[in-house]
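Enquirer: Can you keep this structure in mind? I'll have questions shortly.
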Amino acid sequence: MRINKQDEYGLRILLRIARADEVQGLTIVQLSALEQMSKPYAGKITRILRIAGYIRSTRGQKGGYVLARPAETMFIKDVLIAMGSDLYAPEYCEEHRRGDIKLCTRSVDCSMRSLWKILQISLDDVLDRITLADLIGSEEEGESPLNQIFAHLVA
């Protein structure tokens, strides 16, 4: 999975909103200041997250963005997919095989395709176990779900 700047900011904005006041939430102005990004870029990311059903806006003078559902139900894999991430996209190799894209010369006997599939499946498996709630805690917390997953991976 290629995690680009937009994907990372999407997760960071979700974390900011998850940690914020559940009634008022955070405005685009606040999010852009907290994450040091432009207001239009913060608006673009919040729009993606809102359309995907992760956040909703509250109206009024003190309105802002709040989580649309509990953080425990938001899996990181799904958030990244909503943001547009994908390391191995089978259709990409299919486009090469058909000749739609002329960059790849190994479309018939590609030895890398299997590696990308394995990496994508492994990464999906890990990200499918991590929720937004898991990321809210401190990295130093010894019993955090992330530390437990990490310990399992390196064992």
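Read the figures in this text as sums done on the coordinates, not as results from a lab. Keep in mind that this is a model prediction, so the values were computed, not measured. Positions of Cβ are backbone-derived with ideal geometry, glycine not excepted, and every protein chain shown enters the neighbour counts.
Enquirer: Check Thr58: other-chain or 5+ apart residues with amide H under 5 Å from its amide H, H built from backbone geometry?
Expert: Hits under the 5 Å cutoff: Gly64, Tyr65, Val66.
Enquirer: So the label point goes 7 Å from the Cα of Asp21 along Cα→C-beta, right? Which residues of the stretch 67-84 then have their backbone N under 14 Å from it?
Expert: Counting backbone N atoms under 14 Å from the label point, the list is empty.
Enquirer: Between Leu153 and Glu35, what is the label-to-label distance in nm when each label sits 7 Å out along the Cα-to-Cβ direction?
Expert: With each label placed 7 Å out from Cα toward Cβ, I get 2.2 nm.
Enquirer: Highest first, please rank the peptides 4-17, 51-64 by the mean number of other Cβ atoms sitting within 10 Å of their residues.
Expert: Packing proxy ranking, top to bottom: 4-17, 51-64.
Enquirer: Please report Rg (one decimal) and Dmax (integer) in Å for the Cα set of the stretch 1-72.
Expert: Final numbers for Rg and Dmax: 11.4, 39 Å.
Enquirer: Separate question: First select every other residue whose beta carbon is under 15 angstrom from the beta carbon of Lys39; then total the charges, Lys and Arg +1, Asp and Glu -1.
Expert: Residues close to Lys39 contribute a combined charge of +2.
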